[in-house]
Amino acid sequence: MRTTPLHDTHVALGAKMVPFAGFDMPVQYEGVTIEHQTVRQGVGVFDVSHMGEFLIEGPNALALIQKVCSNDASKLTVGRAQYSCMPNDTGGIVDDLIVYRIKEETYLLVVNASNIEKDWNWITSHNDMDAEMRNISEGFSLLAIQGPKAVEAMQSLTSVDLSAIKFYHFEVADFAGIDHVIISATGYTGSGGFEIYCKNSEVQQIWDKVLEAGADLGIKPIGLAARDTLRLEMGYCLYGNDIDDSTSPIEAGLGWVTKFTKDFVNAEALQKEKERGPERKLIAFELQDRGIPRKGYDIVDSHGKKLGEVTSGTMSPSMGIGIGLGYVPAVFTDEGTPIRIQIRKNAVPAKVVKLPFYKK
């Protein structure tokens, strides 16, 4: 089991540690609901140093990214980031990722921890234009400082105006006494904040100063369980649950990051799928009665016929109702469509809703 550089710190804070993507990670400290509300209403800090980072550089860097990614990275200027996915050859998704343009010919790709080796091999196999590639995952750490009070809590730690960094923009600047840190206005919670990329040797100092600077505003360390409930309330896809090698970006509602203005892996087949409409789609649903939907539970119609399965589900800490995502035939995807979730012996009534579940 691998560990992040902050592993001993999490243990000392009393975190419950669990295996995740090959790492021993903090799943919770005080409890999921408390940590969830801390981020929704205040500010919290996550250690997500298990994520992978690749540098793609040189005159052919953009060409390689355009080939393997569905979104149009030519739209990126230095200081901007973009959500994207990497389609495979068979209609599915290799991974979803964020692409940062660091310099004119330098891009940072941030990939899911469980897919680091797979993604690296996939991109390498398509690098017939000799772009320079470096896997820097082992040497870098990532903290996510999330919540509506993140700017106020962190402003004393940097000389840049944090409130001026727009969503999906970033600065390379000083932070917590360290020079050349990436301060990115991105995150997985839907409550605003920043993601901080630094070297492993710097992350302990940054972690300590972040908790110190945010103390008056009630900052707390947050575990992966609350990260999951926060992202699900926003309807953000989790790789391995809601998207994987067998789900297409069109089915998954990721048509907005699938740009057919350029050529990329499997673009022709995906464009045809978009034109004719997918046979199934990822829906969001809310339970109408009490119950907690979980991954793998059957989604059924009023007669008990199976339509699909829940891919992500939880009891929403913000709303106090059961929410989830899952794939069903396209005819069952209109907003308001009644469905049922098979929770043990009970087919609990639910309805299809528009994302996000949580509305500020």
Other-chain or far-sequence residues with amide H under 5 Å of LYS281's (modelled H): VAL328, ALA330
From phi via Karplus (6.51, -1.76, 1.60), per-residue ³J(HN,Hα) for the range 35-50 in Hz, x at Gly/Pro: 5, 4, 5, 4, 6, 5, 10, x, 7, x, 10, 10, 8, 10, 6, 6
Going by how many other Cβ atoms sit within 10 Å of their own, how do CYS198, CYS69 line up, fewest first? CYS198, CYS69
To make sure I understand, if each residue's beta carbon is the centre and we count other beta carbons within 10 Å, what order do ARG290, ARG231, ARG344 fall in, fewest to most? ARG344, ARG290, ARG231
The range 257-318 and the range 170-192 have their Cα centres apart by a whole-number Å value of 32
With the cut-off at 1.5 for a/c, could you classify the range 279-360 from its C-alpha gyration tensor as rounded, prolate or oblate? oblate
Which order results if MET154, MET17 are arranged by neighbouring Cβ count within 10 Å, fewest first? MET17, MET154
Local electrostatic count at SER156 - Lys and Arg +1, Asp and Glu -1, tallied over other residues with Cβ under 10 Å: -1
³J(HN,Hα) computed for each position of the range 88-95 - Karplus, 6.51 cos²θ - 1.76 cosθ + 1.60, integer Hz, glycine/proline x: 9, 7, 10, x, x, 10, 5, 5
What does the charge add up to near ILE323, with Lys and Arg as +1, Asp and Glu as -1, over the other residues with Cβ less than 10 Å from its Cβ? -2
Quick one: net charge around ALA215, please, counting Lys, Arg +1 and Asp, Glu -1 for every other residue with C-beta under 14 Å from its C-beta. -1
HN-Hα J couplings of the range 136-146 from phi, Karplus 6.51/-1.76/1.60, θ = phi - 60°, integer Hz, Gly and Pro as x? 9, 4, 5, x, 10, 10, 9, 10, 10, 9, 10
Based solely on its DSSP helices, what 222 nm [θ] is calculated for the chain when runs of n ≥ 4 H residues each add -39,500 (n - 2.57) and the sum is averaged over all residues, nearest 500 deg cm²/dmol? -6000 deg cm²/dmol
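Quick note: the coordinates plus some simple rules give every number you see, no bench work behind them. This one's a predicted model, so the numbers in the text were calculated from it and none came from an experiment. Reconstructed Cβ throughout: ideal geometry from the backbone, glycine too, with neighbour counts over all protein chains shown.
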